[in-house]
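Data first, discussion second: the structure below is written as structure tokens.
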Amino acid sequence: MSKNIRWTLARNRAIQTLGKFSIETFPLQLFKLIDKIPHLAIMSYLEMCKQLNEQAYSNNHISVDWVQEHLADGSQDAALLKMSNSKDTIILYNSDLFASGITKQRIRYSIAHEIGHFVLRHNFQTMIARDGLSSSEYIIYEKEADAFAATLLMPSSTFSNEVSVSKLREQYDVSKQAAEIMVDTLTKKPFALPSIRLQNFRLSKPRKYAIPSDPFSLLGFKYYAYCSNCRGLTGGDSPKVFCAYCGCELKAISYEFDFFKIHESFGGQIMKYSEIKVDSSGHADTCPQCGFGVSANDLYCPICGVFLINQCTGIFNADDPFAMPQGRISFELESNSGCGKKLPGYARYCSHCGASSSFALQHLLKSWSQEKKQNLQTAPLDISDDDLPF
Ligand SMILES: [Zn+2]
Ligand SMILES: [Zn+2]
Ligand SMILES: [Zn+2]
Ligand SMILES: [Zn+2]
């Protein structure tokens, strides 16, 4: 192999990769790109761990730490795993954003770096091949993969005239460190940019999050599902949930370790729907219809008669024979409380069984389709990273 670092080749390969797989918008959706690259797949340490245990790969239970140690070369962030029995290569990444020092931007960079090793055909034959490389070869590979990663995540032809660290971080979803290195390159080494330029790149909206703020906030759920119909994010207790906004059935993923997957797959698209502030038992402290300050013991508003708890009604649509004219249902009767679930203040539907919520049935919440139309016309809500649990 060559003894020199192939800087230009590495950067140009990154641009060619974006062009070949028709990736035009940034922040780059890494999962979308990897999906399109033949013989390359991606899996978190946790997913790999689950799969190995399901296949009873060993008599012993395999832990996430074992995967990190033995399959990912001990890497905290990501690693490349070449299958010995096929042409396939898997990028393994650490989705545990609660581990110390790990941010989603750092994992993004590491994944882009591993794509670099793959695309540049670095000769890691097996997971332990690194030992077979001389240290100078290893350093060359690392630098080439880094040059590839920086270009892949931040192709300079998309830059505006005024580039700053904070702008790059927001527009490309990269770490402070990666943005600083890019700004440094631009000012001190403008020759160190890819010589190939593609013009069709564009920036999308920065990734922002719309997380409901009430006590049932998504942070308390174990499973999460993104709905492509209404773009809402719904939390639930099992892998099967119903969209809280539009009612359709969804397959949820475990949140605890895979917020990274949600971030990569749907970041920037999640839509926030209006909600009514409720306590942890679904009770509104102010009447959502007339604004009266009700007491915690009131089931119905003493002024306008609205039922004050958001709960499952067991009614699936307005044609349901049990759906009585609005205002005449005795919501407090057990027979009218569906699966019994108390619901968050944004729920139009019960995420557990898909029935209408009592707030939706009383027309206290706007329908999702109406709000989606309005939301798409106005700018996204500004929610900072500080709202996220890491
Ligand atoms: Zn590497
Ligand atoms: Zn939906
Ligand atoms: Zn009222
Ligand atoms: Zn229900």
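Assorted remarks:
- Between GLU332 and LEU198, the contour length at 0.36 nm per residue exceeds the Cα-Cα span by 42.0 nm.
- Overall form of the stretch 7-203: prolate. Here a/c, set by the Cα gyration tensor axes a ≥ b ≥ c, is 1.5 or more, and a/b is the larger of a/b and b/c.
- Relative packing of peptides 229-236, 334-341 - highest average C-beta neighbours within 10 Å first: 229-236, 334-341
- Model label points for GLU137 and SER160, set 7 angstrom from Cα along the Cα-to-Cβ axis, are 4.6 nm apart.
- Percent antiparallel among DSSP beta bridges (both partners in the stretch 7-203, rounded to 5): 40
- Arranged from fewest to most other beta-carbon atoms within 10 Å of their beta carbon, ARG202, ARG197, ARG106 become ARG202, ARG197, ARG106.
- Pairs over the 30 Å Cα-Cα cut-off, from the set LYS222/LYS272; LYS36/LYS251; LYS36/LYS188: LYS36/LYS188.
- FRET efficiency, 1/(1 + (r/R0)^6) with R0 51 Å, evaluated for GLU54 and LYS188 via beta carbons: 0.50
- Least to most buried among GLU114, GLU275 (fewest other Cβ within 10 Å first): GLU275, GLU114
- Taking label positions 7 Å along the Cα-Cβ direction at both LYS32 and LYS240, the computed distance is 3.1 nm, reported to one decimal.
Rule-based calculations on the coordinates, nothing more; no lab input. Keep in mind it's a predicted model, so treat the numbers as computed, not measured. Cβ atoms come from the backbone with ideal geometry, glycine included; neighbour counts cover every protein chain shown.
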